Amino acid sequence: MKHAEILGWLRETSPGRLETLWHRADRVRQEYVGGEVHLRGLIEVSNYCVRMCMYCGLRAANDRLGRYRMTPEEVLDCARLAQRLGYGTVVLQSGEDDGLSAEMVAGIVRQIKAETPLAVTLSLGERSPDELALWRRAGADRYLLRFETSNRALYERIHPPRPAGGYDRLELLGELGRLGYQVGSGVMIGIPGQTFADLADDIALFAELDLDMIGVGPYLPHPHTPMGVGLVAGAAGNEQVPADELTTYKVIALARLVCPRANIPATTALATLNRQNGRELGLTRGANVVMPNLTPVRYRQLYEIYPNKACVSETAEDCHGCLRGRIAALGRTVGRGRGDAATSPVPCSTTSGSNEYAER
């Protein structure tokens, strides 16, 4: 796809035209990654964070949030549960918590790999290249680090740097690839000040990075943050991207078209916007992954990046049963094994295929 076509689809409002996009993305999903829906067991290891991001409920200045950090044994218990439930992957996610030492994380990864056949995905924010290398040697398979927006000025407006200095996320994504990780990234949709041209640039960057995993979701500010009480980061006028369900589906579909072999989740944020069938619609519009939550319920409600998250009170077993039923109702099957990114002779690309929006 060319940039002009991506931009045209992002601006499209005709339900009939969008059905064409949904069908096209679903067909490409079937061709490249098949009909299986892979389950990634999510473990929210810690809600501590040193960052002061302007929209996120985990920001260091949010003193209304009770903080927790799971012990290694608690994390391992969740991984063991993932194996019993038949998952192929666990995702260890946290705020940017310096209390999760490099050696502690490496030890957890080593133990999971020693006890189970699970793939391990880490999503621990910006960490040093040395730490990333240590975790790769310990056996971590994948790393997810969202760049959030390719508009650097917009990114910096809502993401103050780490107190002791941070890292360029795009450079870290390159380092992750060099270390041999399967690399995941993604964006927020509808950041105040984000234009459709910005979002088209984001989708083009997915292709340039040739991502193995792509996670996207709507901008949902927490009320106990500066942006949750009305602070607006710039103005985009009529070109402001809405932080809504429809635009999220568009980005999922377009991500599938530019990176056909990537693993793309229908996220909890989609289920938060549409509890009835948000995930299901995502799965019919290009997604092939869902992430049932394994975090103990006593911690889960405290991992409040944004408010009113779906599934915060369900047990891991309840969540598992619910998602299996929803997948079966779509006529799809639950994937077996690790569910690595598909191999393909065709890399991600934004320069091939039809260009029906180029002249619009």
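The values are calculated or read from the model by the stated rules, or taken from the named source; none is laboratory data. Predicted model, so just to flag it, every value in this text is computed and none were measured. Cβ: placed from backbone, ideal geometry, glycine included. Neighbour counts: every protein chain shown. These area figures cover heavy atoms from the full protein model, side chains too; ligands, DNA and RNA do not enter into them. Shrake-Rupley method; radii C 1.70, N 1.55, O 1.52, S 1.80 Å.
Would you mention how many residues in the stretch 50-74 are of a type outside the set (Gly, Ala, Ser), open to solvent by less than 30 Å² (accessible area, probe 1.4 Å) and under 20 Å from the mean Cα position of the chain (by Cα)?
Just the residues of the stretch 50-74 that are of a type outside the set (Gly, Ala, Ser), to begin with: 50-56, 58-59, 62-65, 67-74.
Now drop any that are not open to solvent by less than 30 Å² (accessible area, probe 1.4 Å), which leaves 51, 53, 55-56, 58-59, 62, 65, 68, 70.
When the remaining residues are screened for being under 20 Å from the mean Cα position of the chain (by Cα), the result is 51, 53, 55-56, 58-59.
Within the stretch 50-74, residues that are of a type outside the set (Gly, Ala, Ser), open to solvent by less than 30 Å² (accessible area, probe 1.4 Å) and under 20 Å from the mean Cα position of the chain (by Cα) number 6.
Please determine whether any residue of the stretch 297-320 is in contact (Cβ under 8 Å) with a residue 60 or more places away in the chain and among the polar types (S, T, N, Q). Among the residues of the stretch 297-320, not one is in contact (Cβ under 8 Å) with a residue 60 or more places away in the chain and among the polar types (S, T, N, Q), which makes the answer no.
Only a single criterion out of (1) touching a Ser or Thr at 6+ places or on another chain (Cβ under 9 Å); (2) within 22 Å of VAL290 (Cα to Cα) is not satisfied by TYR219, namely (1). Restricting attention to the stretch 167-201, the residues that are over 29 Å from ASP141 (Cα atoms) and either among the acidic types (Asp, Glu) or not in a helix (DSSP H, G or I) (or both) total 7. Of everything in the stretch 20-49 that is among the β-branched types (Val, Ile, Thr) and over 19 Å from the mean Cα position of the chain (by Cα), the residue that is surrounded by the fewest Cβ atoms within 10 Å (Cβ to Cβ) is THR20. In the set LEU124, LEU144, only one residue is of a type in the set (A, V, I, L, M, F, W, C) and either open to solvent by 30 Å² or more (accessible area, probe 1.4 Å) or at pLDDT below 95 (or both); that residue is LEU144. Among the criteria (1) in contact with a strand residue (DSSP E or B) (Cβ under 9 Å, 6 or more places away or on another chain); (2) closer than 24 Å to LEU92 by Cβ; (3) charged (D, E, K, R), the one ASP202 does not fulfil is (2).
Yes/no per residue for (1) closer than 23 Å to ALA82 by Cβ; (2) assigned to a loop (DSSP other than H, G, I, E, B); (3) not polar (S, T, N, Q):
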{"position": "TYR249", "(1), (2), (3)": "no, no, yes"}
{"position": "ALA255", "(1), (2), (3)": "no, no, yes"}
{"position": "ARG261", "(1), (2), (3)": "no, yes, yes"}
{"position": "TYR299", "(1), (2), (3)": "yes, no, yes"}
{"position": "GLU314", "(1), (2), (3)": "yes, yes, yes"}
{"position": "CYS322", "(1), (2), (3)": "yes, no, yes"}
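Cβ-Cβ contacts under 6 Å between residues 6 or more apart (or on different chains), taken from a first residue in the stretch 67-81 that is in a loop (DSSP other than H, G, I, E, B) to a second residue that is at pLDDT below 95, are absent.
As for the stretch 30-46, it holds at least one residue that is among the small types (Gly, Ala, Ser) and in contact with a Pro (Cβ under 7 Å, 6 or more places away or on another chain). Is it fair to say GLY186 is open to solvent by less than 20 Å² (accessible area, probe 1.4 Å), touching a helix residue (DSSP H, G or I) at 6+ places or on another chain (Cβ under 7 Å) and within 25 Å of PRO307 (Cα to Cα)? In short, no. Residues that are out of contact with any helix residue (DSSP H, G or I) (no Cβ under 7 Å at 6 or more places or on another chain) and either part of a strand (DSSP E or B) or buried (at least 24 other Cβ atoms within 10 Å of the Cβ) (or both) within the stretch 264-290 comprise PRO265, THR267, ALA269, LEU283, VAL289, listed in sequence order. Of LEU302, LEU270, all but one fail to be modelled with pLDDT under 95, in contact with a Gly (Cβ under 8 Å, 6 or more places away or on another chain) and among the hydrophobic types (A, V, I, L, M, F, W, C); the exception is LEU270. Considering the stretch 143-161 alone, what residues qualify as being over 19 Å from MET227 (Cβ atoms) and out of contact with any Ser or Thr (no Cβ under 8 Å at 6 or more places or on another chain)? Matches in the stretch 143-161: SER150 only.
Tallying residues that are modelled with pLDDT of 90 or more and on the phi > 0 side of the Ramachandran plot within the stretch 309-356 yields 1.
I'm told VAL37 meets every condition in (1) of a type in the set (A, V, I, L, M, F, W, C); (2) under 23 Å from GLY184 (Cα atoms); (3) in a helix (DSSP H, G or I) except one. Can you identify the failing condition by its number? (3) is the only condition that VAL37 fails. For the stretch 208-217, the set of residues classified as open to solvent by less than 10 Å² (accessible area, probe 1.4 Å) and touching a helix residue (DSSP H, G or I) at 6+ places or on another chain (Cβ under 7 Å) consists of ILE214, VAL216, GLY217, listed by residue number.
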